[in-house]
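Shown next, in structure tokens, is the structure this report addresses.
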Amino acid sequence: MLSDRFGRTIDYLRISVTDRCDLRCTYCIPKGFKGFEEPSNWLTFDEITRVVAAFSRLGTRRFRLTGGEPLLRRNLPALAASLSALDGVDDLSLTTNATQLSLQAQALRAAGVNRINVSLDSLRDDCVSRITGSDCLDKVLSGLASASQVGFDSIKINMVPMQGVNDGDIEAMVAFCIEHGFILRLIEAMPMGSTGQHTAGLDLQKLLAQLQPRFGLLPSDKPLGGGPARYWRTPDGRFTLGLITPISQHFCASCNRVRLSVDGTLYMCLGQEERFELRPLLRAGCSDAELEAAIRDAIELKPEKHEFLEQPTRIVRFMSMTGG
């Protein structure tokens, strides 16, 4: 198994297949941003498959396709099929904004994508338009309906609560998730780039104190993926809530993941600058043994923790550049 110098096992790789997105969420990519990676620098599907195969030989079992918006990458189901067929890939999941999902849900499920997370911060048209810069709610809801029909193992809604923006929409989102059998995950905004640094997120510890008595939430020990969320469930089991709290209660001591950006850079932490470039090795014709050794060297760079609280303006790259 891969482990870092702090004894943490690395069993989860998030793979960005593009840094492009058809939305401009206020906490992610600024309006007018044009500094995207050149397509010639994107890892090819064969190169991504080779990296995933190397990680799987080293013991990593969970993999997630991300972006930007991953469904903008052409023929993504073909990549998913290649990855899910690899020995050792036990779980292949996807994070999407769902604007393209109604067209691809069936193909993705058939290709071996087990679970899907959909970013959705409100059920109000005006609020979604304000956050995303696009009148896209109907497309997202259509994508969710398609995903429900094709039988993913789980569908999670990722919501970033923001003060004065959508903090009044949480209970409506809970009701929506109960109605449709979705898991709701609330995520604290992180100060990444100018967009994230100017986002007024909520302290989810305080929010949980309000939601627990309202819905009778009880801690859940059921594993629901390889990420950092802590989960609560209603007594009847109809609703599950996950909280991801990198600011109010960080989970760095148990961090089990690294991120592969679209240009082949491994990022060790969202809140630090440590990175390792795999693309030059891949395009120089490195052997499998050399690739595995490079991955081990990269994992040794993983820092002990982020410093979002101590240095909130340090990370100037946007989330889409790292891979969500």
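The values are calculated or read from the model by the stated rules, or taken from the named source; none is laboratory data. Bear in mind that the values here come from a model prediction, so they are computed numbers and not experimental data. All Cβ positions, glycine included, derive from the backbone under ideal geometry; neighbour counts span all protein chains shown. In case anyone asks, the SASA skips ligands and DNA or RNA and just uses the protein heavy atoms, side chains included. Shrake-Rupley method; radii C 1.70, N 1.55, O 1.52, S 1.80 Å.
For the range 49-64, which residues satisfy the criterion of being open to solvent by less than 20 Å² (accessible area, probe 1.4 Å), farther than 10 Å from residue 83 by Cα and not in a helix (DSSP H, G or I)? Correct list: 58, 59, 60, 64. Would it be correct to say that residue 58 is modelled with pLDDT of 95 or more, closer than 23 Å to residue 153 by Cα and not aromatic (Phe, Trp, Tyr)? So residue 58 does not fit the description; no. Restricting to the range 229-239, and then to whatever is in contact with a Gly (Cβ under 9 Å, 6 or more places away or on another chain) and assigned to a strand (DSSP E or B), can you tell me which residue is most open to solvent (accessible area, probe 1.4 Å)? Only one residue fits best here, namely 230. Elements of the type strands (runs of 3 or more DSSP E) sitting completely within the range 78-195 and holding at least 3 residues that are open to solvent by 10 Å² or more (accessible area, probe 1.4 Å): these cover 154-159, 183-187.
In the range 24-48, how many are assigned to a loop (DSSP other than H, G, I, E, B), within 22 Å of residue 85 (Cβ to Cβ) and aromatic (Phe, Trp, Tyr)? Total meeting the criteria: 1. Condition (residue is of a type in the set (A, V, I, L, M), under 25 Å from residue 62 (Cα atoms), modelled with pLDDT of 95 or more and in contact with a helix residue (DSSP H, G or I) (Cβ under 8 Å, 6 or more places away or on another chain)) applied to the range 126-143: is it met by at least one residue? Scanning the range 126-143 turns up no residue that is of a type in the set (A, V, I, L, M), under 25 Å from residue 62 (Cα atoms), modelled with pLDDT of 95 or more and in contact with a helix residue (DSSP H, G or I) (Cβ under 8 Å, 6 or more places away or on another chain).
One residue stands out in the range 2-42 among those that are touching a Gly at 6+ places or on another chain (Cβ under 6 Å) and under 18 Å from residue 300 (Cα atoms): the one that is surrounded by the fewest Cβ atoms within 10 Å (Cβ to Cβ), namely 2. Looking at the range 240-324, the helices (runs of 4 or more DSSP H) lying wholly inside it that each contain 3 or more residues that are at pLDDT below 95 sit at 319-322. Number of residues in the range 196-219 that are at pLDDT below 90, assigned to a loop (DSSP other than H, G, I, E, B) and surrounded by 13 or more Cβ atoms within 10 Å (Cβ to Cβ): the value is 3.
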